[in-house]
Amino acid sequence: MRLMSFKSLLVAVFSGFFLLTATSVVAGEPGHGEEGKEANVDVTKVILEHIRDDHSWHLWGHTSIPLPVILYSDKGLEVFSSTNLVDEHHEPAVYNGNYAYKTFEGKIKVVDEAGAINEEATAKVWDFSITKNVASMFLSVTLILVIFLSVAASYKKRGVKTAPKGLQSFLEPLILFVRDEVAKPNIGKHYAKYMPFLLTVFFFIWINNMMGLIPFFPFGANLSGNIAFTMTLALFTFVLVNFKGNKDYWKHIFWMPGVPVPMKIFLMPIELLGVFTKPISLMIRLFANITAGHILVLSLICLIFIFKSVWASAMAVPFAVFINVIELLVAFLQAFIFTMLSALYIGMATEEHHHEAHH
Amino acid sequence: MFFLEVNPLVLPDIGLVVWSTLAFSIVLFVLSKFAWKPIMKSIREREDSIDESLAMAEKVKSEMAQLKNENEVLLAKAREERAQLLKEARETKDKIINEAKEQAKVEANKIITDAQLAITQQKMAAITEVKNQVGNLVIEVSEKVLRRELANKGDQEAYINNLAKEIKLN
């Protein structure tokens with residue numbers, strides 16, 4: 001009950017802030033249009049700008065926090081501030097480092113004298129910048145470490161004979177949920193070995209999902225809706241599943257027991273494909289769900305600018321709040337599903353078959 | 001070239017992949033070592049202690065029940081023993097009384113028999129005595145009659161009557 005009221009309060013506060021920041025951001029846009037005050041807002045551009053990664057952290061209007069740009073190319077490593085990549089009008093500008101760099105839709109490209117993208121040179125440059133998403137991730141890492149190390153400390157302090165208190169009592173049911181509803185039924189008796197991974201994945205995704213829903217600095221980065229992030233997590237699951245996979249797991253892929261030989265040969269490529277589609281589905285599911293949620297909320301807010309009337313907010317705001325509440329649910333659900341499926345894949349790969357003809 | 005035409009949203013940046021890998025590895029390592037291990041251990045210990053306490057309670061409960069059962073059995077046994085003792089006492093009492101009665105009866109009979117015997121003996125002795133005396137008297141009277149050979153028949157009869165009067169049967 002306390003959790004529910006806390007959540008609704010959270011939603012109300014965040015929705016309010018979200019509207020404030022979103023409106024100020026979008027209101028800044030028409031200035032770029034050629035047709036003056038009545039210029040149409042390019043909704044697609046606005047939304048894509050909000051959900052993609054960036055080299056600086058946009059706060060409001062023309063105010064942004066510069067972030068370090070780290071590039072590695074055949075000419076060596078270079079580090080510079082992202083302020084170098086914009087001019088005094090906050091438009092992308094050319095920075096002459098080892099190459100001439102300019103950002104296009106948030107991505108650093110190498111340009112020639114004429115300002116055209118030099119794809120060949122761009123391919124040689126590796127971008128390891130601390131982008132908005134990376135900075136947001138560092139924040140989430142700090143947050144997670146602080147939360148769980150303090151909870152671990154309170155477990156040590158309070159001992160096992162007393163009931164959990166405070167943050168500990170909030171997180172213990174979630175930890176037990178991951179253990180009893182996710183790990184135990186899917187992995188079986190060896191579940192304890194995979195608990196640290198499952199718990200870390202669950203809370204890492206969940207906290208980042210929630211941080212993405214908070215619209216103002218230092219939150220609001222679409223990290224868990226970024227395909228690079230979800231790909232990394234899916235890769236962890238992929239590596240874990242295939243490294244821990246036992247003899248039976250590989251046998252089921254390459255020589256399915258209990259079926260005729262032509263069927264075995266037929267199933268081999270399908271099963272082999274399944275090895276890769278599992279993590280890919282994990283990657284796309286999380287990416288698409290979180291990105292879709294962000295797009296939905298932004299689209300509803302943009303309705304105000306499409307209709308060019310403040311009265312549109314009468315409809316847009318309640319809808320945006322409603323979607324935000326649903327997104328809170330989705331944030332938890334997607335973290336749960338990712339963890340659940342990871343546990344399922346681990347369970348399938350480590351399952352022990354005692355009777356072969358059972359299939 | 002194909003990938004460059006794809007929406008940049010579904011094009012993973014190598015930078016974020018590297019940083020994510022690093023961040024997740026750090027979180028996984030640190031939390032596994034310093035958070036999940038003690039947390040899971042504490043939870044498991046707490047669950048174990050709860051299980052243990054419940055099992056202990058159950059055990060104590062069954063022990064109590066057993067104790068109660070034993071007590072009841074003991075009580076029933078004691079009650080039975082008491083009843084048995086009372087019964088035995090009653091029987092002993094009856095037996096003693098009966099025996100006393102029997103003995104009294106036997107003694108009484110014996111006394112009566114003795115008395116009767118004594119009476120019979122006395123009676124016989126008395127009768128013998130009477131017989132002897134009667135005999136003696138007859139002899140005495142006969143002697144006196146014989147000694148007085150009187151002509152007088154009247155005197156004779158008066159004399160006999162006189163003598164007869166003298167006989168006092170005591």
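Among A:Met263, A:Met340, A:Met283, which one moves the most in a GNM of chain A with springs linking Cα atoms closer than 10 Å?
Greatest mean-square fluctuation among the candidates belongs to A:Met263.
In this model, which of A:Lys251/B:Lys37; A:Lys165/B:Lys41; A:Lys45/A:Lys132 are farther than 22 Å apart at the alpha-carbon?
Check vs 22 Å cut-off fails for A:Lys251/B:Lys37.
For region B:12-166, with only Lys/Arg (+1) and Asp/Glu (-1) charged at the beta-carbon, what is the dipole magnitude about the Cα centre, in debye rounded to 20?
100
Does anyone have the angle between helix A:2-28 and the longest principal axis of chain A? Alpha-carbon axes, 0 to 90°, nearest 10?
40
Could you work out, residue by residue across B:36-49, how many beta carbons of other chains sit within 10 Å of that residue's beta carbon, and then give the average as an integer?
Mean shielding count: 6.
What order do you get for A:135-148, B:154-167, B:101-114 when each peptide is scored by the mean count of other beta carbon atoms within 10 Å, highest first?
Those peptides, ordered most packed to least, come out A:135-148, B:154-167, B:101-114.
Can you list residues whose amide H is under 5 Å from A:Asn118's amide H, if they're 5+ apart or on another chain and H is modeled 1.01 Å from N?
A:Val110, A:Val111, A:Asp112
Measure nothing but the geometry: give the 0 to 90° angle between the long axis through the Cα atoms of A:227-244 and the longest principal axis through the Cα atoms of chain A, rounded to 10°.
Here the helix axis deviates by roughly 20 degrees.
Treating cross-link reach as a plain straight distance, find the lysines whose alpha-carbon is under 16 Å from the alpha-carbon of B:Lys101, omitting any fewer than eight places away in the same chain.
Within the straight-line limit of under 16 Å, B:Lys101 reaches these lysines: B:Lys93, B:Lys110.
I'd like the Kirkwood hydrodynamic radius of the protein assembly as shown, using the inverse of the mean 1/r over distinct C-alpha pairs, in Å. Don't skip to the end; give the middle numbers.
Details: mean 1/r = 0.0309 Å⁻¹.
This gives a value of 32.3 Å.
Sorted by average packing, counted as other Cβ atoms within 10 angstrom per residue and highest first, what order do B:88-96, A:193-201 take?
Numbers: B:88-96: 10.0, A:193-201: 21.9.
Packing proxy ranking, top to bottom: A:193-201, B:88-96.
Taking every eigenvalue of the Cα gyration tensor of region A:269-347, multiplying by 5 and rooting it, what semi-axes result, largest first, whole Å? Before the final figure, lay out each step's value.
Working: eigenvalues 272, 38, 6 Å².
For region A:269-347, the semi-axes come out at 37, 14, 5 Å.
What does the structure give for A:195-206 when I average, per residue, the other chain Cβ atoms found within 10 Å of the residue Cβ?
Average per residue, whole number: 4.
At what distance in nm do the modelled label points of B:Lys68 and A:Phe138 sit from each other, each positioned 7 Å from its Cα along Cα→Cβ?
6.8
For the pair B:Ile139 and A:Lys161, how long in nm is the line joining their label points, each one 7 Å along Cα→Cβ?
With each label point 7 Å from Cα toward Cβ, the separation is 12.8 nm.
So who's got an amide H within less than 5 Å of the one on A:Val86, skipping anything under 5 residues away but keeping other chains? H placed 1.01 Å off N, in plane.
Excluding prolines and chain starts, which carry no amide H, the hits are A:Ala93.
On a C-alpha basis, how far is the centre of region A:75-93 from the centre of region A:274-348 in Å? Whole number, if you could?
32
Starting from the amide H of A:Leu67, placed 1.01 Å from N in the peptide plane, find each other amide H under 5 Å away whose residue is 5 or more places distant or on another chain.
It is A:Trp57, A:Ser82, A:Thr83, by chain and number.
Of the options A:Trp250, A:Val141, A:Ser82, report the single residue whose Cα projects farthest towards the positive end of the charge dipole of chain A (beta-carbon charges: Lys, Arg +1; Asp, Glu -1).
A:Trp250
From the residues A:Asn118, A:Ser281, B:Ala76, which one has its Cα farthest along the dipole of the protein assembly as shown in the positive direction, the dipole being from +1 and -1 charges on Cβ of Lys/Arg and Asp/Glu about the Cα centre?
B:Ala76
Name the lysines eligible as straight-distance cross-link partners of B:Lys59: C-alpha to C-alpha under 16 Å, and not fewer than 8 places from it in the same chain.
B:Lys68
Mean Kyte-Doolittle of at least 0.5 plus a Cα span of 15 Å or more along the axis: flag which DSSP H helices in chain B meet both, please. Could the numbers behind the result be given before it?
Working: long enough: B:14-31 (25 Å, 2.49); B:37-147 (160 Å, -0.61); B:153-166 (19 Å, -1.33).
Once both thresholds are applied, what remains is B:14-31.
Working from the pairwise distances between different alpha carbons, so that the mean of 1/r is found and then inverted, what is region B:12-166's Kirkwood radius in Å?
29.7
If I build a Gaussian network model for chain A, linking alpha-carbon pairs within less than 10 angstrom, which residue out of A:Asn186, A:Asn98, A:Asn289 has the largest mean-square fluctuation?
A:Asn98
How high is the relative contact order of chain A? Use alpha-carbon pairs under 8 Å, at least six apart in sequence, and give a whole percent.
Contact order relative to length: 20 percent.
Of the options A:Ala93, B:Ala115, A:Phe236, report the single residue whose Cα projects farthest towards the positive end of the charge dipole of the protein assembly as shown (beta-carbon charges: Lys, Arg +1; Asp, Glu -1).
Going by the charge dipole, the pick is B:Ala115.
With +1 on the Cβ of every Lys and Arg and -1 on the Cβ of every Asp and Glu, and nothing else charged, how large is the dipole of the protein assembly as shown about its Cα centre, in debye rounded to the nearest 20?
2760
For chain A, take the longest principal axis of its alpha carbons; what is the angle in degrees between that and the long axis of helix A:167-177, to the nearest 10 within 0 to 90?
The angle comes out at about 50 degrees.
Under the definition of partner shielding as Cβ atoms of other protein chains within 10 Å of a residue Cβ, what is the mean value for peptide A:226-238?
The per-residue average across the peptide is 5.
Where the centroid of each part is defined by its Cα atoms, how far is region B:24-95 from region A:214-267 in Å?
About 50 Å separates the Cα centre of region B:24-95 from the one of region A:214-267.
How big is region A:212-359 by the Kirkwood estimate over distinct Cα pairs, in Å?
Mean inverse Cα-Cα distance, inverted, gives 18.2 Å.
Return the FRET efficiency for the residue pair A:Phe243, A:Val79: r is the Cβ-Cβ distance, R0 is 51 Å, and the value is rounded to the nearest 0.05.
0.90
In nm, to one decimal, how far is the A:Ile280 label point from the B:Arg82 one, both placed 7 Å along Cα→Cβ?
So the two model labels end up 8.9 nm from each other.
No lab work stands behind these numbers, since they all come straight from the coordinates. These numbers come from a predicted model, not from an experiment. Note that each Cβ is placed from the backbone with ideal geometry, even for glycine, and that neighbours are counted across all protein chains shown.
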